[in-house]
1. Inside the range 1-21, can you point out the residues that are in contact with a Lys or Arg (Cβ under 9 Å, 6 or more places away or on another chain) and either surrounded by 15 or more Cβ atoms within 10 Å (Cβ to Cβ) or among the acidic types (Asp, Glu) (or both)?
2. Only one of (1) without any contact (Cβ under 8 Å) to a residue 40 or more places away in the chain; (2) buried (at least 16 other Cβ atoms within 10 Å of the Cβ) fails for Met89. Which number is that?
3. Could you grab me the full set of residues in the range 102-129 that are of a type in the set (Gly, Ala, Ser) and surrounded by 15 or more Cβ atoms within 10 Å (Cβ to Cβ)?
4. Restricting attention to the range 25-47, and to residues there that are open to solvent by less than 50 Å² (accessible area, probe 1.4 Å) and modelled with pLDDT of 95 or more, which single residue is farthest from Thr75 (Cα to Cα)?
5. Mind checking which residues of the range 43-62 are closer than 18 Å to Pro113 by Cβ and of a type outside the set (A, V, I, L, M, F, W, C)?
6. Glu50 fails exactly one of the following numbered conditions: (1) within 21 Å of Gln107 (Cβ to Cβ); (2) more than 14 Å from the chain's Cα centre (by Cα). What is the number of that condition?
7. Output the residue which, of all residues in the range 99-119 that are in contact with a Phe, Trp or Tyr (Cβ under 9 Å, 6 or more places away or on another chain) and of a type in the set (Gly, Ala, Ser), is farthest from Ala46 (Cα to Cα).
8. Exactly one of (1) in contact with a Cys (Cβ under 9 Å, 6 or more places away or on another chain); (2) open to solvent by less than 20 Å² (accessible area, probe 1.4 Å); (3) polar (S, T, N, Q) is unmet by Thr84. Its number?
Amino acid sequence: QVQLVESGGGLVQAGGSLRLSCAASGPTLSMYGTFSSYVMGWFRQAPGKEREFVAVISWRGGTIRYADSVKGRFTISRNNAKNTVALQMNSLKPEATAVYLCAARSQGVTTTPSAYTYWGQGTQVTVSS
């Protein structure tokens, strides 16, 4: 079992920045230090809309992918020693308003939400115009 807890959301004006963080924990991670064996993804879900892919990073950061809508403005990174993954969001737009969720899977990189095994509760990001 892996527990994921997001933080860093909030209210920001258009053009501003936020940095989201996701902390992973659980008996498996504590005993074997296997956070680096999980692919980590960020997704978002706005009211009335489907959950959509934002960014994903492979086990050691060698493969990174972004949704076209955030390329050049968002940066995903991970710290395997601290069991954390971050999402730096710059030049935010009102359409980025959503709940942002962190997810983990033990297999390969994918942008498909249903392929992820573990999910956090999410953190709200609101961008005002």
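The values are calculated or read from the model by the stated rules, or taken from the named source; none is laboratory data. This structure is a prediction, so every number in the text was calculated from the model and none was measured. Heads up, the Cβs are rebuilt from the backbone with ideal geometry, glycines too, and the neighbour counts pull from every protein chain shown. Surface areas here come from the heavy atoms of the whole protein model, side chains and all, with no ligands, DNA or RNA. Shrake-Rupley method; radii C 1.70, N 1.55, O 1.52, S 1.80 Å.
1. Gly8
2. (1)
3. Start the filter on the range 102-129 by keeping residues that are of a type in the set (Gly, Ala, Ser), which leaves 103-104, 106, 108, 114-115, 120, 122, 128-129.
Ala103, Ala104, Gly120, Gly122 - these are the residues of the range 102-129 that are of a type in the set (Gly, Ala, Ser) and surrounded by 15 or more Cβ atoms within 10 Å (Cβ to Cβ).
4. The qualifying residue farthest from Thr75 (Cα to Cα) is Ala46.
5. Pass one, the range 43-62, residues closer than 18 Å to Pro113 by Cβ: 43-58.
Matches in the range 43-62: Arg44, Gln45, Pro47, Gly48, Lys49, Glu50, Arg51, Glu52, Ser58.
6. Failing condition for Glu50: (1).
7. So the residue we want is Ser106.
8. Of (1) in contact with a Cys (Cβ under 9 Å, 6 or more places away or on another chain); (2) open to solvent by less than 20 Å² (accessible area, probe 1.4 Å); (3) polar (S, T, N, Q), only one is false for Thr84: (2).
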